[in-house]
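Inspection log for the structure reproduced underneath, given as structure tokens.
Where a number appears in this text, it was derived from the coordinates with a stated rule and is not lab data. Since the model is a prediction, treat every value here as computed from it, not as a measurement. Every residue, glycine as well, gets a Cβ built from its backbone with ideal geometry; the counts of neighbours run over all protein chains shown.
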2 protein chains.
Amino acid sequence: MTENEDEFLNRPAAEDSHDDIYDDEGSIRHDFLTMVGAAIADRDVLFLRQNVARLHESELGDLIEAIQPDQRLSMIRLLGADFDMTALTEVDETIRMQIVDQMPNEQIAAAIGDLDSDDAVYILEDLDDEDREEILAQLPFTERVRLRRALDYPESSAGRRMQTEFVAVPPFWTVGQTIDYMRDEEDLPESFTQIFVIDPTFKLLGAVNLDAILRTKRAVKIETIMHATNHPIPAEMDQEEAAQLFEQYDLLSAAVVDENERLVGVLTIDDVVDVIQEEAEEDLLRLGGVGDEELSDSIAETSRSRVPWLAVNLVTAFMAASVISLFEATIEEIVALAVLMPIVAGMGGNAGSQTMTVTVRALATRNLDIHNAFRVVRREAGVGLLNGLIFGVSIGVVAGFWFQDPNIGGIIATAMLINMMAAAIAGILIPLSLDRFGADPAVASAVFVTTVTDITGFFAFLGLATWWFM
Amino acid sequence: MTENEDEFLNRPAAEDSHDDIYDDEGSIRHDFLTMVGAAIADRDVLFLRQNVARLHESELGDLIEAIQPDQRLSMIRLLGADFDMTALTEVDETIRMQIVDQMPNEQIAAAIGDLDSDDAVYILEDLDDEDREEILAQLPFTERVRLRRALDYPESSAGRRMQTEFVAVPPFWTVGQTIDYMRDEEDLPESFTQIFVIDPTFKLLGAVNLDAILRTKRAVKIETIMHATNHPIPAEMDQEEAAQLFEQYDLLSAAVVDENERLVGVLTIDDVVDVIQEEAEEDLLRLGGVGDEELSDSIAETSRSRVPWLAVNLVTAFMAASVISLFEATIEEIVALAVLMPIVAGMGGNAGSQTMTVTVRALATRNLDIHNAFRVVRREAGVGLLNGLIFGVSIGVVAGFWFQDPNIGGIIATAMLINMMAAAIAGILIPLSLDRFGADPAVASAVFVTTVTDITGFFAFLGLATWWFM
């Protein structure tokens, strides 16, 4: 045993497990990984129980991602009932599927019984129908019904992400009765921040935050301290829309209701934070021309997800090339044009993606709407004009000296100005129009904007040169 | 009064104000804006009190952004003491500064006294020193001290974002004593989900979630139900790091401690959600070559924020142009090269930004680290090779037929393959290296990656052609 390991094992069972397993960079410590690897190889169940089973679910998830693929299932088998299945909600989809596919359905059923319903649904929804039915059949009746109901709601809906465990009381109970109920009841959710008030048909009447209960005398009736649930979330609502309500109204949890306004579950902020992250990530990846890929995808999967975007770009690249081919005679005469033309197109492309990025983000956060669209378009046109002048003049001067010809300088300066204006207009109008017609502006804007700036850039520069020199 | 307005005014004071002021697109309803505008013009204080003062702070923020700039201050003046200053934390920085600059310091001081400390700090931190001191001087002693302490912590630190109001009790109190204290105490925070346990010197001993208090009999001591606060947040910690702890451990709130581990405040999930949003937005904007700009910025401000990035791109564009100029003789001979060369460079640029986007995002979410870096680099190289073959062959065939010359087809296919490989390697190694050296990969990666793909693309294509034909 090395000195390092010795030091690690002699530490008191630290409460601050965060410092334990991560290094300064936020990666799992190398010596911890080595020890876990050795324990898996040696089938050292005791070590794993003491050092792995105690980890927080997200730490265990990071550990599963960091160890070798062939070690993952062995570790889970060795941990047996001590393995916290929630950790699987914290790993890449590809890795989760690999693990779940190889686990016997009985073991999954046993483990899923202990999970909160939202975590259970998260794991069940990716399974194929046959496995899912087999696992559900092994669960107790109430739980099976609850999970089936959540799984019946559409993918990415609030109903899918909700937790079906919650505390609900009638309005005529007093604060004292409510507290006594919570002290005696065994089967409460693992943690909660508000309780709901319902009528005998489960219709939602209101909600009470726990701090309101704690501030209030025992004799007071719940209905006098409950607040209206201003934002009950229909189970069919898209999770992104639900996340926007959480953000706007700083909610910690919200009631989820069915089409008859009956309480069916509760959506909590921790799931919403994940949704917010995913949506922001989606916009970023789409703008970069990447689909739903994960780091654990194979070469073939990754290539397949990227080819469509590259193929679209190829078509537009040939369109730009055919614009150039219109001016072959001019280029043959003045080769300087071939040297300079990528500058005009490239600068336009960059300016266009600046405007487009701002527009896509403003649309996603609902900061851009009909009230300010006109003002923002005018501003972008102004920025395009100003930056077009700045860079047109600079490039014109440099190009004029480089090729010892003020005519070339003047032509490239004018072409730059035209292309920067085109970039600004395309950069804002393309995403705005896509959004108006219900398309996701993050997906398609980049292709259209570069097509506009390439074609405008080449046409303006080579066209002006042909008109002037030929 | 139009029929529409009439309908609106006759509605019962709706609890679900969300449906009231927004249309289906999530913009503020046009007729509501018209009515507010008319009320401001008519100095109709009654209308504003009934219909504007009752809005949620975030709705009021949206309204302030949607009305004309010159109406904003008038509306706030008309609302007087009914104006909820918290709404200013929900608007663009530029708009907030415009409003605050024009409000008398006395009014700001009066309004800030009612705010939670985190909201007060949010507004105070943007003011110039003189105004801030004048406002602080008008606040009661305790509040002034609290706000000064938060303002003393660095910008973007947990100490700046924390709320200094919290409930803390000694460990030897019973659950009953704690509940009685909360029932009697007037000066509790507006809302809270956990209480803290401290010793007489304010040293943090632990925390208790409110649901734990409600589940427990009155006679039980707090110290037996408290949990260790595994993740107390040092006040100096960067807000982004704090947000990562919230995300990883699904926290709702966390204790903020000073350098002596004394409890100084509490950080709550709603502020953290804002941080998560901001950080995701920052990455997106930086990848698009845009700095910290807001929709309400002027043309000059926007231009200034975008010029640096365009200037850097200009330099690299000239570098690429000088590569082309090395081959002027070849281009003069075979003009087809000038037509085709932007395709090679452009496709490489797109493939490079796909890889770069994935890498930057994986670094930001800490999914990419030393444990899987090698595997991911190998995968990207594989994807580059595969996509290089696919697109090299397609472009080669098309170009060969277009210019009736299989040599040109073969040369462009080879150049494409080389450039796609270069794009893959640059797309992952450049952000990884920037991250290693402590730079933000989102800021600079795009420039470097396009420089590599432009130069490689032109050099490989024109170089191969020169070697083959000349």
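Take A:74, B:27 and order them by how many other Cβ atoms sit within 10 Å, fewest up front.
Placing the least packed residue first, the sequence is A:74, B:27.
Counting only other chains, and only Cβ atoms inside 10 Å, what mean value do you get across the residues of A:387-398?
2
Sorted from shortest, what are the nm distances separating the label point of residue B:436 from equivalent points in the other copies, each placed 7 Å from Cα along Cα to C-beta?
Distances between equivalent label points, in nm: 4.9.
Grab the beta carbon distance between residue A:260 and residue A:240, set R0 = 25 Å, and tell me the FRET efficiency rounded to 0.05.
Numbers: r = 24 Å, r/R0 = 0.97.
Working from the Cβ atoms, E equals 0.55.
What gaps in nm, shortest first, separate residue A:190 from its twins in the other copies when you place the label 7 Å past Cα toward the beta carbon?
Computed spacing set for this position: 3.1 nm.
I need the P(r) histogram for the stretch A:256-376: all alpha carbon pairs, bin width 10 Å from 0 out to the longest distance, whole percents.
Reading the bins upward from 0: 9, 22, 26, 23, 12, 4, 3, 1.
Over the Cα atoms of the protein assembly as shown, each weighted equally, I'd like the Debye log10 I(q)/I(0) at q = 0.09, 0.10 Å⁻¹, rounded to two decimals.
Rounded to two decimals, the profile gives -1.09, -1.28.
Hey, could you get me the Stokes-Einstein D for the stretch B:168-286, Kirkwood radius over alpha-carbon pairs, 4 °C and 1.567 mPa s, rounded to whole µm² s⁻¹?
84
Need one value for B:177-183: mean number of C-beta atoms belonging to other chains within 10 Å of its residues' C-beta atoms.
Taking all residues of B:177-183 together, the mean is 3.
Taking the stretch B:149-244, which chymotrypsin sites (Phe, Trp or Tyr not before Pro) meet the DSSP loop condition and have no more than 14 other C-beta atoms within 10 Å?
B:172
If you count, for each residue, the other Cβ atoms within 10 Å and average over each peptide, how do A:44-50, B:251-257, B:41-47, B:316-322 line up from highest to lowest?
Highest-to-lowest ranking by the protection proxy: B:251-257, B:316-322, A:44-50, B:41-47.
In the protein assembly as shown, what is the count of Lys pairs whose alpha carbons are under 28 Å apart, counting only pairs at least 8 residues apart or on separate chains?
Summing the qualifying lysine pairs gives 8.
Other chains' Cβ within 10 Å of B:367-376 residues: what's the mean?
Average neighbour count from other chains, rounded to a whole number: 4.
Report, as a whole number in µm² per second, the diffusion coefficient that Stokes-Einstein gives for the stretch A:367-470 at 4 °C and 1.567 mPa s using the Kirkwood radius over alpha carbon pairs.
Numbers: Rh = 14.9 Å.
Translational diffusion coefficient: 87 µm²/s.
Starting from the eigenvalues of the Cα gyration tensor, five times each then square-rooted, give me the equivalent ellipsoid semi-axes of chain B, largest first, whole Å.
After scaling each eigenvalue by five and taking roots: 56, 32, 20 Å.
Given a Förster distance of 22 Å, report the FRET efficiency between residue A:109 and residue A:156 from their Cβ-Cβ distance, rounded to the nearest 0.05. Provide the component values of the computation, followed by the final result.
Values: r = 25 Å, r/R0 = 1.15.
Approximately 0.30, to the nearest 0.05.
Evaluated at 37 °C with a viscosity of 0.692 mPa s, what Stokes-Einstein diffusion coefficient in µm²/s does the stretch A:3-160 have when Rh comes from the Kirkwood expression over alpha-carbon pairs?
On the way: Rh = 16.8 Å.
Diffusion coefficient, whole number: 195 µm²/s.
Mind giving me the nanometre distance, one decimal, between the label points for residue B:183 and residue A:82, set 7 Å out from Cα along Cα→Cβ?
Once both label points are built, they end up 4.5 nm from each other.
With only alpha-carbon atoms in the gyration tensor, what are the semi-axes of the equivalent ellipsoid for the stretch A:102-205, in Å, largest first? Numbers along the way, then the final one.
Numbers: eigenvalues 185, 48, 24 Å².
They are 30, 15, 11 Å, listed from largest to smallest.
Can you order the peptides A:324-332, B:333-341 by their average number of other Cβ atoms within 10 Å per residue, highest first?
Final packing ranking: B:333-341, A:324-332.
Share of Cα-Cα pairs in the stretch B:340-382 beyond 13 Å, in percent? Spell out each step's value before the answer.
Working: 553 of 903 pairs.
That fraction is 61 percent.
In terms of modelled amide H atoms, which long-range or inter-chain residues lie less than 5 Å from the amide H of residue A:220?
The list, which skips near neighbours in sequence, is A:175, A:176.
Between copies, how far does the label point of residue A:128 sit from its twins, in nm, shortest first, when each point is 7 Å from Cα along Cα→Cβ?
With the label placed 7 Å along Cα→Cβ, residue A:128 yields 7.0 nm.
Could you tell me the calculated FRET efficiency between residue B:224 and residue B:54, based on Cβ-Cβ distance and R0 = 51 angstrom, to the nearest 0.05?
Result of the calculation: an efficiency of 0.70.
Within 10 Å of each residue's Cβ, count the other Cβ atoms and sort B:249, A:122 from fewest upward.
Working: B:249 17, A:122 21.
Exposure proxy ranking, most exposed first: B:249, A:122.
Relative contact order of the stretch A:396-451: what whole-number percent is it, with Cα pairs under 8 angstrom and at least 6 residues apart?
Reported relative contact order: 23 percent.
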